[in-house]
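Down below is the structure, laid out as structure tokens.
The values are calculated or read from the model by the stated rules, or taken from the named source; none is laboratory data. Worth saying up front: this structure is predicted, and the values here are computed from it rather than measured. Quick reminder, even Gly has a Cβ in these numbers, built from the backbone with ideal geometry, and neighbours come from all protein chains shown.
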Amino acid sequence: MKKCINRRCSFPLEDNYRFCPMCGKPQERKKETKRRRAKGTGSVYFRKDKKSNPWCASLNADRQTIYIGCYPTRAAAELAIQSYDPSKSTVPTLAELYAQWIESKPYQKLSDSSKSGYTAAWTKLRYLHSKPFDALKTSDYQAVIDYYENPHHEEGKDGAYKYINAKGKVTLTPGGTKKICDGLGFSALHYIKCLVSKLCQFAMKDDIINKNYGQLLDLPTPEETAATRFTDTQLEAIRQHVGVIPYCDYIYALCYLNFRISEFLELTADCYKIFKSEDTAAAIPYLTGGKKTEAGRDRPIPIHPNVQHIVAAQAAKGGATLFCRTDGTPMDKDYFNKYCFKPAMEALGFADMGFTPHSCRRTFSTRMSAAGARSEDIAALMGHADFDTDKKYYINQELKTLYTAVQKMA
């Protein structure tokens, strides 16, 4: 037996009574409505994905949403809105956040090539450098990508614009005619998107923003590139010219060692080792190297007998690196491509076939697959976390190899 919820009445009622027969009071209490903030005074909302600080506060100003931060209670979030002063905001600018990011551990773990790509992408964002990071939205970053996707004002070092003066010479001095260049390729634009995404992730750790705007950026369709590799006939031609055409020995060795070109050129004599085991009669020579990915860092690569003499000869020279210039000094990938690889391709008659130093890695992966190597072994040797990467970007099987595979079925 319950009583009417009207304190002045308190008439005894059965449990199934919806209204009191004495005073007519409804017996179901109204659910408490959530408190709503007045229009224009900001928003406080709860986020289930944040454990310690689930209450988020934001404020609308000048048609922009300003994300203030996350707090442990609703009251703390409301207090943050009341005490927020835009003139005293401590939100870092894009440039200040970038300076913090390049000092962080995630950045320090990146390879030199990745750092170079992010540095170039950072130059493209220079018009946004001075803006508060929480004020930048997807449209701001998308405008940068759209600009560089199309023909645009060509830039020199550090983003300085190039001009054509009255004498027809290219100069960095403003004036004359703008020097226009073609739009950037997918790879360069992708670096801009990745940089924005990494900066957003870095800012989200300190609750500066609550959304990764880099993931929402649209990129053009990647340009299709031929997965060039050396055929068996071409690889044999390279072998026959070892010692005849300069640096053919480097190219031939690269096709069997499958390091990325930057990794290949950083190998030193200390990376050359011999493995001896009681289980095997013969010693196994191998190299340790790699740095781009966690799976590829300092991985062991057994040296194929076909290139063992090349590696041993280079180790005996005592150069600064294993594969160095003729004077023993190191070379970078740009020097190798311009002064070693391209001249060798021209001398071999392969100049117009689209080969690059990366063709050596594709050659290795394709030949390993054709030889019936296990997928997990190919992935380990290539320095990839899984075999899907090799199937998609590296392995380019010939029809005769695929036909042999089909014939294995009963």
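Any idea how many residues of the stretch 324-341 are more than 18 Å from residue 236 (Cα to Cα) and in a helix (DSSP H, G or I)? Spell out the reasoning first.
Our first condition is that a residue be more than 18 Å from residue 236 (Cα to Cα); within the stretch 324-341, this holds for 324-340.
Those left that are additionally in a helix (DSSP H, G or I): 333-340.
The total comes to 8.
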Q | Condition met for residue 114 (in the same structural domain as residue 156 (by TED's automatic domain parsing) and assigned to a loop (DSSP other than H, G, I, E, B)) | A | no
Q.
Can you say whether residue 25 is surrounded by 11 or more Cβ atoms within 10 Å (Cβ to Cβ) and either at pLDDT 85 or above or small (Gly, Ala, Ser) (or both), as far as the supplied structure shows?
A. yes
Q. What's the number of the condition residue 378 fails, among (1) of a type outside the set (Ser, Thr, Tyr); (2) modelled with pLDDT of 85 or more; (3) touching a Phe, Trp or Tyr at 6+ places or on another chain (Cβ under 8 Å)?
A. (2)
Q. Of all residues in the stretch 79-95, how many are loosely packed, with under 11 Cβ neighbours inside 10 Å and either in a helix (DSSP H, G or I) or at pLDDT 85 or above (or both)?
A. 4
Q | Of residues in the stretch 303-323 being polar (S, T, N, Q) and surrounded by fewer than 18 Cβ atoms within 10 Å (Cβ to Cβ), the one farthest from residue 235 (Cα to Cα) | A | 308
Q: For residue 207, work out the one condition from (1) under 25 Å from residue 68 (Cβ atoms); (2) crowded, with 18+ Cβ neighbours inside 10 Å it doesn't fulfil.
A: (2)
